[in-house]
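Notes for the one structure printed next.
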Amino acid sequence: MLLSSFHKARGDEVVFTRSPYRQMDEPEYDAVYGSAIFDYSADRVARLAVEFPGAIIGGTGSGKENGKRLVEHIVGGHRDLDYSLYPGFEASIGFSQRGCRFKCAFCVVPGKEGAPVATGTIADIWRGPGHKRWIHLLDNDVFGQPKPAWKARLRELREGDFRVCFNQGINIRVVTDEIAEELATVQYRDDGFKVRRLYTAWDNIGDEALFFRGVDRLERAGIPARHLMAYMLVGFDPEETWERIHHRFERMVERGIRPYPMVYDRRRLDLKQFQRWAARGLYRAVPWSKYDPGAKAKNKPGPGQQAFDFSSDLSTAA
Ligand code: SF4
């Protein structure tokens, strides 16, 4: 979106595609850019490089240069985004900070972005009058930026009557009473900007006490546990057992939290099936021990049971 806006401001024509293949009728372009977030896109990255020799490819999954630095090198101080690439997207998207205080072994953020720094305001991110007052924040550690900065961002959200989606999650392990009270004053929403939702994570079984201390603090401040969706990393810890996975899952469900398994090892079909069972709310109808991923009818809710479809979250978080 940044590159497109930059080029259009120079009078260039921009073609946007998700395909790495060159179409029969495509002209020679003056510049081709590609981005890839995940390692499992390696085949598509390689294909793009073959189809468009000289393409500039970045992103964490490209195996190449840091995409953010690469783009900034190209666009200089240009900051506008070309939202026309995503005509159905009504929110405004961006970062108020970069970086993270933590160094989780499975995560690329600390290496990519370093220690937290404040980078912008809600006013910088919002598209302005005529657009929804919906802010989709991509911050990985919103409360990691200096306190005056995060307080100012929450004040902007509150006073501007914005809805906000903390899509990358808040770090519940370090939620203080003050943070919980401030969070309770803003209109946090899911990524569709409809239901009350705060995203967070419980990735490591050893963080149980810290996780629930954060849940308790949020509840005391007026944020019920049922507003929480917690990503739970599975398939990373070599010590992980199914017993441990179910422990995390069940402890969250008991509190009314919606667990969302994130599968680290994409080769693990059993974990992908577990993700589907959990994320779609099928656990409310069928115990994991009786879940048959191949038999749709068997997994239907019985009388008085309700399954929830979180498939929109699935596509966002996958
Ligand atoms: S807290 Fe989140 S963003 Fe920070 S290192 Fe851990 S997983 Fe990454």
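Only one of (1) assigned to a helix (DSSP H, G or I); (2) among the acidic types (Asp, Glu); (3) free of Cβ contacts under 8 Å to residues at least 12 places away in the same chain is not met by Asp207, so which one is it? Checking Asp207 against (1) assigned to a helix (DSSP H, G or I); (2) among the acidic types (Asp, Glu); (3) free of Cβ contacts under 8 Å to residues at least 12 places away in the same chain, the one that fails is (3).
Which is touching a residue at least 12 places away in the same chain (Cβ under 8 Å) and in contact with a Gly (Cβ under 6 Å, 6 or more places away or on another chain), of Arg101, Arg44?
Values: Arg44 fails: in contact with a Gly (Cβ under 6 Å, 6 or more places away or on another chain).
After applying the criteria, what remains is Arg101.
Restricting the stretch 62-77 to residues that are part of a loop (DSSP other than H, G, I, E, B) and more than 16 Å from the ligand (Cβ to nearest atom), the residue that is surrounded by the fewest Cβ atoms within 10 Å (Cβ to Cβ) is Gly77. Restricting attention to the stretch 252-265, the residues that are in contact with a helix residue (DSSP H, G or I) (Cβ under 6 Å, 6 or more places away or on another chain) and either more than 20 Å from Thr200 (Cβ to Cβ) or not hydroxyl-bearing (Ser, Thr, Tyr) (or both) total 6.
For Glu208, indicate whether it is away from the ligand (no atom under 15 Å from the Cβ) and more than 23 Å from the chain's Cα centre (by Cα).
Details: away from the ligand (no atom under 15 Å from the Cβ): yes; more than 23 Å from the chain's Cα centre (by Cα): no.
In short, no.
At least 1 residues being surrounded by 14 or more Cβ atoms within 10 Å (Cβ to Cβ), within 16 Å of the ligand (Cβ to nearest atom) and modelled with pLDDT of 95 or more is the threshold, and among the helices (runs of 4 or more DSSP H) wholly inside the stretch 78-187 those reaching it are 147-159, 177-183. Residues in the stretch 259-302 that are acidic (Asp, Glu) and at pLDDT 95 or above: Asp270 alone.
Within the stretch 173-195, residues that are polar (S, T, N, Q) reach partners that are modelled with pLDDT of 95 or more with beta carbons closer than 8 Å, at six or more positions or on different chains, in the pairs Thr176/Arg217; Thr185/Leu154; Thr185/Arg158; Gln187/Leu157; Gln187/Asp161; Gln187/Phe162; Gln187/Arg163; Gln187/Val164.
Specify the residue that is surrounded by the most Cβ atoms within 10 Å (Cβ to Cβ); the eligible residues are those in the stretch 9-41 that are closer than 30 Å to Phe106 by Cβ and aromatic (Phe, Trp, Tyr). The residue in question is Tyr33.
Considering every residue within the stretch 1-12, establish whether at least one is away from the ligand (no atom under 16 Å from the Cβ), basic (Lys, Arg) and not in a loop (DSSP other than H, G, I, E, B).
Narrowing the stretch 1-12 to residues away from the ligand (no atom under 16 Å from the Cβ): 1-12.
From what is left, the residues that are basic (Lys, Arg) are 8, 10.
This time we only want the ones that are not in a loop (DSSP other than H, G, I, E, B), so: 8.
Yes: the stretch 1-12 contains one or more residues that are away from the ligand (no atom under 16 Å from the Cβ), basic (Lys, Arg) and not in a loop (DSSP other than H, G, I, E, B).
Among residues of the stretch 144-163 that are closer than 22 Å to Glu113 by Cα, those with a Cβ under 6 angstrom from a residue that is among the aromatic types (Phe, Trp, Tyr), sequence gap 6+ or separate chain, pair up as Trp150/Phe143.
The values are calculated or read from the model by the stated rules, or taken from the named source; none is laboratory data. For clarity, every value in this text was computed on a predicted model and none was experimentally measured. Heads up, the Cβs are rebuilt from the backbone with ideal geometry, glycines too, and the neighbour counts pull from every protein chain shown.
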